[in-house]
Amino acid sequence: MIETQNAYITRPFDVVPITKKLLILFLLLLPLQHLLKRLFVHYHFLVKLVSYSDEISTLFMFAVLFAFVSLKPRVYTFRMMELPTTVPIMLFLVVASFSMVYNRVPVLQGGFGMYDVLKNILVFYVFATLRWKREELMSFVFWIKVIIIILAVTGIIAEILAVAGIDPKLNPLVRMYGEHKKRLGLDRVISITGSGGVNYLGMYSLLGLFLIYATTKDRLRRFLGMFSTLGLIFLTFSRQTWMGLFAMMVLTKRRLIWPGLLIIAGIAAMTLPSIDRLTPQLYYRSFTYFEAIRIFLEHPVLGAGPGMFGGLASVLFRSPYYNDWPTFYRNMIYNLGSLDAFWPSIFAELGIVGFLAYFYIWISLYRRLSAISLWFKSRADLDLHRIGSVLKNYVIALIIMCFFTGLNKPFVIYTFFALCGMYMSLYYRSREDVGVAPGEQAFRG
């Protein structure tokens, strides 16, 4: 009896299965957020609920995590300190806080700026501190693959209709989101994820592609799944996705570097014809890059302060750095709510020290995923080994993505961090089953 009580006291909460299923369902529906808004267009409350579901869920998950820590502080404090991102996040907060004080940034603005760049990692903590079963992770991976196939099939069908010259009015996706945009003389795919998010669609598909490759046992299903997903990735004509694809191919198998060079050639073919359009006077992303570099050169060590440039905080608090911008670009960042790239914003706000502190979060996550993947391999669990390898390599793809777009697209970032959290939770349970001491490293060597 005493041993049972001690086991309860020293282990994380195991919430009821329906709660975990609802969390997974929420993540699976995130790519369909725009479609759901269209379906509920006549129900104002439902449209608002769907529109702000990611923000609401973030606050809810923060409340759950806070409750867990409050009820079992010893268990969850130890578990959270074990997670690879905790120490780097603490270091980042120290650096960002010092930058805020040094640059005399208002506390509310600077605090919100720090929260905005860290809030997505909260998903990782929530999922890592729950007790997941192997079949729950594998089920989540399966349904991600199903969603990817749905996105691929609908996107490819829409593309075929466009290329065939079918009246756009007969294409439901065109009716919902507008006409296709052109790149390389072809139509960029329109998907049920909505207009304006084609780069994120590509990144989500990239994760799905390698999960299909790693976990689908049936050869025919694996081939069809990979073929259709690669087709979708191609039709996004997204440079960042193609670069991520090249990186993940090479990291998965070194010999794929040669076919991967075709991807690099495709990226060059997309970029060179539009090189004139990339001048700061004509291209928003180029303009903001140069502005970020200018601010960085003025504040190279600690930046201009959190919440001062590029993020949502800088827009909400009307940062003075936008006052001298051309009207078109100033209106654009206020409409978008943030910069069109993540790393330039970090450099400008927090300088080289802040960038290194934030980058350390990703390096720590990469190293731990790599170590745990090898740990599962050493125990002949090849499925979890392969999933860990996919997640590890996807970290590199996300680092590439952050040079071109933001980090706050929930259906990409939430899904990735949820998978990482579940994977880490399974490692903890497996480690307990084989009797590894709580303080032992994930893998020695």
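The values are calculated or read from the model by the stated rules, or taken from the named source; none is laboratory data. It should be emphasised that the depicted structure is a prediction, and the values quoted were computed from it without experimental measurement. Neighbour counts run over all protein chains shown; Cβ positions are idealised from the backbone, glycine included. Keep in mind that these areas ignore ligands, DNA and RNA; they rest on the heavy atoms of the full protein, side chains included. Shrake-Rupley method; radii C 1.70, N 1.55, O 1.52, S 1.80 Å.
Restricting segment 235-250 to residues that are open to solvent by 10 Å² or more (accessible area, probe 1.4 Å) and farther than 13 Å from residue 151 by Cα, the residue that is farthest from the chain's Cα centre (by Cα) is 250. Across segment 292-310, which residue is nearest to residue 97 (Cα to Cα) among those that are without any contact (Cβ under 8 Å) to a residue 60 or more places away in the chain and buried (at least 21 other Cβ atoms within 10 Å of the Cβ)? So the residue we want is 309. Every listed requirement among (1) modelled with pLDDT of 70 or more; (2) open to solvent by 50 Å² or more (accessible area, probe 1.4 Å); (3) more than 30 Å from residue 66 (Cβ to Cβ) is met by residue 143 save one, (3). Counted as qualifying within segment 65-146 are the helices (runs of 4 or more DSSP H) with 1 or more residues that are aromatic (Phe, Trp, Tyr) and more than 26 Å from residue 352 (Cβ to Cβ), namely 73-82, 121-129. Evaluating residue 282 against the criteria (1) modelled with pLDDT under 90; (2) surrounded by 12 or more Cβ atoms within 10 Å (Cβ to Cβ); (3) not hydroxyl-bearing (Ser, Thr, Tyr) leaves one unmet condition, (2).
How many residues are farther than 14 Å from residue 149 by Cβ and assigned to a helix (DSSP H, G or I) if we restrict to segment 194-223?
The first filter runs over segment 194-223 and keeps only residues farther than 14 Å from residue 149 by Cβ, leaving 194-200, 202-203, 206, 210, 214, 217, 219.
Pick out the ones that are also assigned to a helix (DSSP H, G or I) and you get 198-200, 202-203, 206, 210, 214, 219.
Going through segment 194-223 one residue at a time, the tally reaches 9.
Once segment 362-390 is narrowed to residues that are over 25 Å from residue 89 (Cα atoms) and of a type in the set (Lys, Arg), the residue that is modelled with the highest pLDDT is 386. Scanning segment 96-132 for residues that are open to solvent by 30 Å² or more (accessible area, probe 1.4 Å), under 22 Å from the mean Cα position of the chain (by Cα) and among the hydroxyl-bearing types (Ser, Thr, Tyr) yields a single hit, 115. Only one of the listed residues (87, 107, 117, 95) is within 19 Å of residue 350 (Cα to Cα), out of contact with any strand residue (DSSP E or B) (no Cβ under 8 Å at 6 or more places or on another chain) and free of Cβ contacts under 8 Å to residues at least 24 places away in the same chain. That residue is 107.
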